[in-house]
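Note sheet for the following structure.
The values are calculated or read from the model by the stated rules, or taken from the named source; none is laboratory data. Worth saying up front: this structure is predicted, and the values here are computed from it rather than measured. All Cβ positions, even for glycine, are placed from backbone atoms using ideal geometry, and neighbour counts span all protein chains on display.
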Amino acid sequence: MEDLLPKVKGMAEKHIAICEEKKVDLLVTSTFRDFEAQAALYAIGRTKPGHIVTNADAGHSFHNYHCAYDVVPIVSGKPYGRIECLMVHLYQNGKL
Ligand SMILES: [Zn+2]
């Protein structure tokens with residue numbers, strides 16, 4: 001969470017708190033990824049074995065810019081269902 005931009009971190013905390021109020025615990029599985037980490041993920045299902053996990057190559061993911069986080073609900077102490085990616089659009093007219 002510390003790797004997110006302050007504005008994004010604030011939104012993520014609010015999101016998690018709202019889910020907690022509804023008795024849904026969220027596990028944050030990923031926040032910032034550098035280009036190298038993004039390229040490694042992008043390779044899965046393409047040049048490396050496995051199922052495709054991302055459509056974004058290095059430099060094309062919100063994760064590369066501290067603007068995205070991935071969460072999965074925790075049910076009975078275990079991650080349940082698929083990981084959801086939350087991306088925050090911070091820029092308007094080219095400004096933060
Ligand atoms: Zn994501």
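Taking first residues from the stretch 52-77 that are closer than 18 Å to Tyr42 by Cβ and free of Cβ contacts under 8 Å to residues at least 60 places away in the same chain and partners that are basic (Lys, Arg) and surrounded by fewer than 20 Cβ atoms within 10 Å (Cβ to Cβ), the Cβ contacts under 9 Å between residues at least 6 apart in sequence or on separate chains come to Ile52/Arg46.
Taking Tyr42, is it more than 10 Å from the ligand (Cβ to nearest atom) and modelled with pLDDT under 95?
Values: more than 10 Å from the ligand (Cβ to nearest atom): yes; modelled with pLDDT under 95: no.
So Tyr42 does not fit the description; no.
When Val8, Val71 are checked against the criterion of being within 15 Å of the ligand (Cβ to nearest atom), β-branched (Val, Ile, Thr) and in contact with a His (Cβ under 7 Å, 6 or more places away or on another chain), a single residue qualifies: Val8.
Of the residues in the stretch 1-15, how many are free of Cβ contacts under 8 Å to residues at least 60 places away in the same chain and out of contact with any helix residue (DSSP H, G or I) (no Cβ under 9 Å at 6 or more places or on another chain)? Reasoning before the result, please.
Step one: list which residues in the stretch 1-15 are free of Cβ contacts under 8 Å to residues at least 60 places away in the same chain, which gives 2, 6, 9-10, 13-14.
The next check asks that each one be out of contact with any helix residue (DSSP H, G or I) (no Cβ under 9 Å at 6 or more places or on another chain); those that pass are 6, 9-10, 13-14.
Going through the stretch 1-15 one residue at a time, the tally reaches 5.
Residues in the stretch 1-23 that are of a type in the set (A, V, I, L, M) and exposed (fewer than 14 other Cβ atoms within 10 Å of the Cβ): Met1, Ala17, Ile18. Looking at the structure I just gave you, is Cys85 in contact with a helix residue (DSSP H, G or I) (Cβ under 6 Å, 6 or more places away or on another chain) and within 13 Å of the ligand (Cβ to nearest atom)? Considered against the rule, which asks whether it is in contact with a helix residue (DSSP H, G or I) (Cβ under 6 Å, 6 or more places away or on another chain) and within 13 Å of the ligand (Cβ to nearest atom), Cys85 comes out as no.
Could you run through the stretch 33-81 and say how many residues are basic (Lys, Arg) and surrounded by 16 or more Cβ atoms within 10 Å (Cβ to Cβ)?
Narrowing the stretch 33-81 to residues basic (Lys, Arg): 33, 46, 48, 78.
Checking the rest, the ones that are also surrounded by 16 or more Cβ atoms within 10 Å (Cβ to Cβ) come to 33.
Count: 1.
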